[in-house]
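Any read-out appearing in this document is the output of simple, stated calculations on the displayed coordinates, not a laboratory observation. Computed from a predicted structure; not experimentally measured. All Cβ positions, even for glycine, are placed from backbone atoms using ideal geometry, and neighbour counts span all protein chains on display.
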Amino acid sequence: MYQKDNGDCPVISWLESLHDSIRYRVKSRLARVSLGNLGEYKMLGESLGELKFKFGSGYRLYFSEIDGEIILLLCGGDKSSQKKDIKLAREYLSDYLGGNNHG
């Protein structure tokens, strides 16, 4: 997971903001992702992808595949914050690829 300079992890912060039942469903999906089953997702270009969840407020989790095998989780959100979240995910990915924040 991407980690900011100050030690904060946007994905963890997002997960902690979710209701317990939603957080459980997202974590279940992440367990499947760790086994190579991404489920419904969309590539947004520049190595950035969006995992889509078919429950709640249209939750999304942004990721990048590094070297074809490591999934780097960048940030999460829902349909209402999608444009802002994609912009943040691109910034976080650029920061990560620039050699920073490999936490």
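Just checking, does the stretch 40-52 include any residue being surrounded by fewer than 16 Cβ atoms within 10 Å (Cβ to Cβ) and in a helix (DSSP H, G or I)? Checked the stretch 40-52: no residue is surrounded by fewer than 16 Cβ atoms within 10 Å (Cβ to Cβ) and in a helix (DSSP H, G or I).
Scanning the stretch 53-103 for residues that are in a strand (DSSP E or B), in contact with a helix residue (DSSP H, G or I) (Cβ under 7 Å, 6 or more places away or on another chain) and either touching a residue at least 60 places away in the same chain (Cβ under 8 Å) or of a type in the set (F, W, Y) (or both) gives Y62, L72, L73, L74, C75, G76, G77.
Looking at the stretch 30-45, is at least one residue out of contact with any helix residue (DSSP H, G or I) (no Cβ under 7 Å at 6 or more places or on another chain), among the acidic types (D, E) and closer than 16 Å to M1 by Cβ? Give the derivation first.
Step one: of the stretch 30-45, the residues out of contact with any helix residue (DSSP H, G or I) (no Cβ under 7 Å at 6 or more places or on another chain) are 30-38, 40-43, 45.
Remaining after also requiring among the acidic types (D, E): 40.
From the residues that got through so far, the ones that are closer than 16 Å to M1 by Cβ too are none.
No, there is no match, as no residue in the stretch 30-45 is out of contact with any helix residue (DSSP H, G or I) (no Cβ under 7 Å at 6 or more places or on another chain), among the acidic types (D, E) and closer than 16 Å to M1 by Cβ.
Residue check: is Y24 within 23 Å of D8 (Cα to Cα), out of contact with any Pro (no Cβ under 6 Å at 6 or more places or on another chain), of a type in the set (S, T, Y) and not in a strand (DSSP E or B)? When the stated conditions are applied, Y24 passes them.
Checking the structure you have, find out if any residue of the stretch 53-61 is over 11 Å from the mean Cα position of the chain (by Cα) and crowded, with 18+ Cβ neighbours inside 10 Å. The answer is yes; a qualifying residue exists.
Can you tell me which residue among L35, L15 is over 23 Å from G99 (Cα atoms), surrounded by fewer than 11 Cβ atoms within 10 Å (Cβ to Cβ) and hydrophobic (A, V, I, L, M, F, W, C)? It would help to see each step written out before you state the result.
Working: L15 fails: surrounded by fewer than 11 Cβ atoms within 10 Å (Cβ to Cβ).
Every option except L35 fails the conditions.
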